[in-house]
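Working notes for the structure below.
Just so it is clear, none of the values below were taken in a lab; they were calculated from the coordinates. No experiment lies behind these values; they were computed from the predicted model shown. Cβ atoms come from the backbone with ideal geometry, glycine included; neighbour counts cover every protein chain shown.
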Amino acid sequence: MEGQDEVSAREQHFHSQVRESTICFLLFAILYVVSYFIITRYKRKSGNPSPHFRDFGHASSSCVTHSWDSVGSFSTH
């Protein structure tokens, strides 16, 4: 009888873990879809493809790349 109780307890634990994983996955999927729609809605309204490079364009990204290249050159010595 004790062996069946142990199996039953393990089965209950397994099913609760599966239930918890399913709920977490569904919550993540719902949050992902909602955030995607919110971002696409506001991105369409602004008309700007990238909010990070408003007035600078390619020049700012090249400065960032150059600064990371200079950091990398210090670590090779």
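If r is the Cβ-Cβ distance from residue 15 to residue 35 and R0 is 25 Å, what FRET efficiency results, to the nearest 0.05?
0.25
In sequence order, what are the phi-derived ³J(HN,Hα) couplings for segment 23-40 according to the Karplus relation 6.51 cos²θ - 1.76 cosθ + 1.60 with θ = phi - 60°, rounded to whole Hz, with x for glycine and proline?
Those phi angles translate into 5, 5, 5, 5, 4, 4, 5, 5, 5, 5, 5, 5, 5, 4, 5, 5, 5, 5 Hz.
Residue 26: net charge of surrounding residues, Cβ under 15 Å, Lys/Arg +1, Asp/Glu -1, itself excluded?
0
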